[in-house]
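The block underneath contains the structure these notes are about, expressed in structure tokens.
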Amino acid sequence: MNRLYPSLGQLISRIGSRQIRNIGTIGGNIGTASPIGDTLPALIALNAIVTLFSLEEEREIRLEDFLVGYRKTCLKNGEVIKNIKIPKLTKNEYFKSYKVSKRYDQDISSVVGAYRLKIQASKISDIHIIYGGLAEKPSRAIKTELSLRQKQWNEDIVCDSAKNIPNDFTPISDHRASSSYRLRVASNLLVRLHRDITGEEDASGVVKVS
Ligand SMILES: Cc1cc2nc3c(=O)[nH]c(=O)nc-3n(C[C@H](O)[C@H](O)[C@H](O)COP(=O)(O)OP(=O)(O)OC[C@H]3O[C@@H](n4cnc5c(N)ncnc54)[C@H](O)[C@@H]3O)c2cc1C
């Protein structure tokens, strides 16, 4: 995972504690269908396909369609997740995911952002933006995606598009984060994505804001 999707490997290294990571599975993270399950936004962004197996049949479904509501999946009686297929990134395609929580280690996320985008001739030819922690299930920021498709990949345009995030989500406030904080973080992560890909973010992961 680390080799093909370093950003996902990094995210997984922040799930729970070492003990939780040693015993927990990705199948269990998906099966829980939590709005703040850490692997879900990343796997949806990567267009992961889950294979569902039962004694009667075997079927494949996009993870995005597998999650149907708050902690709800379309798993039928007797079915289990058999495997997860993740398409490889193609040329000029980038993937990044970020977890934001109160503590760095051993903490449940306030917001998780995951992004897969293709940049050709300095233009965004395709982009998938998924957030966890902003809705009843990890969901795409459809309006924000639309505002970026076929646009130039530059920070002004990304900052402008980030203003669409409140049109995509109406998050709840709870003990982890307020609604406005979640929206602010989601917007800022989009800007971070741009800086990360263009190399403007330093290796420590600290974003320099001028
Ligand atoms: C202290 C602690 C910290 C945690 N921190 C995090 C965190 O930081 N981020 C995070 O995302 N999660 C966290 N979790 C939640 C949990 O550990 C993860 O979601 C983990 O991936 C669950 O995996 P599991 O194999 O233990 O699943 P289980 O707990 O065994 O199962 C969870 C659900 O998925 C179903 N399920 C499991 N496997 C399959 C399968 N193959 N097919 C179909 N359904 C299946 C089960 O029936 C159940 O409904 C934490 C949990 C604890 C206790």
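The values are calculated or read from the model by the stated rules, or taken from the named source; none is laboratory data. As the structure is a computational prediction, the values presented were derived from the model and not from experiment. Heads up, the Cβs are rebuilt from the backbone with ideal geometry, glycines too, and the neighbour counts pull from every protein chain shown. Ligands, DNA and RNA are stripped out before the accessible areas are found, and what is left, the full protein with its side chains, is counted by its heavy atoms. Shrake-Rupley method; radii C 1.70, N 1.55, O 1.52, S 1.80 Å.
From the list THR170, THR198, which residue is exposed (fewer than 15 other Cβ atoms within 10 Å of the Cβ) and under 24 Å from ILE36 (Cα atoms)?
Answer to the check: THR170.
I want to confirm something. Restricting to the range 137-152 and keeping residues that are of a type in the set (S, T, N, Q) and part of a helix (DSSP H, G or I), which single residue is most open to solvent (accessible area, probe 1.4 Å)?
Within the range 137-152, the subset of a type in the set (S, T, N, Q) is 139, 144, 147, 150, 152.
This time we only want the ones that are part of a helix (DSSP H, G or I), so: 144, 147.
Numbers: THR144: 0, SER147: 25 Å².
The selected residue is SER147.
Yes/no per residue for (1) in contact with a Leu (Cβ under 9 Å, 6 or more places away or on another chain); (2) within 19 Å of ILE165 (Cα to Cα); (3) more than 13 Å from the ligand (Cβ to nearest atom):
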{"position": "GLY31", "(1), (2), (3)": "yes, no, no"}
{"position": "TYR94", "(1), (2), (3)": "yes, no, yes"}
{"position": "VAL100", "(1), (2), (3)": "yes, yes, no"}
{"position": "ASP105", "(1), (2), (3)": "no, no, no"}
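I'd like to check something: does the range 10-21 contain any residue that is away from the ligand (no atom under 14 Å from the Cβ), outside any helix (DSSP H, G or I) and surrounded by fewer than 14 Cβ atoms within 10 Å (Cβ to Cβ)?
No, the conditions are met nowhere in the range 10-21.
State all residues of the range 89-114 that are part of a loop (DSSP other than H, G, I, E, B), charged (D, E, K, R) and open to solvent by less than 60 Å² (accessible area, probe 1.4 Å); if no residue qualifies, say none.
Residues of the range 89-114 that are part of a loop (DSSP other than H, G, I, E, B), as a first pass: 89-92, 101-110.
Next, only the ones that are charged (D, E, K, R) stay: 91, 102-103, 105, 107.
Residue satisfying the conditions is ASP107 alone.
Identify all residues within the range 144-171 that are under 20 Å from LEU67 (Cβ atoms) and among the charged types (D, E, K, R); write none if there are none.
Scanning the range 144-171 gives GLU145, ASP168.
How many of the residues making up the range 41-63 are near the ligand (Cβ under 10 Å from one of its atoms) and touching a helix residue (DSSP H, G or I) at 6+ places or on another chain (Cβ under 7 Å)?
Residues in the range 41-63 being near the ligand (Cβ under 10 Å from one of its atoms) and touching a helix residue (DSSP H, G or I) at 6+ places or on another chain (Cβ under 7 Å): 1 in total.
Helices (runs of 4 or more DSSP H) wholly in the range 24-87 with at least 1 residues that are under 21 Å from ASP107 (Cβ atoms) and out of contact with any His (no Cβ under 8 Å at 6 or more places or on another chain) - which ones? Walk me through it before giving the result.
Working: elements: 26-32, 39-45, 63-66.
Hits in the range 24-87: 26-32, 39-45.
Go through the range 155-167 and count every residue that is open to solvent by less than 60 Å² (accessible area, probe 1.4 Å) and more than 23 Å from SER110 (Cβ to Cβ).
Qualifying residue count for the region: 2.
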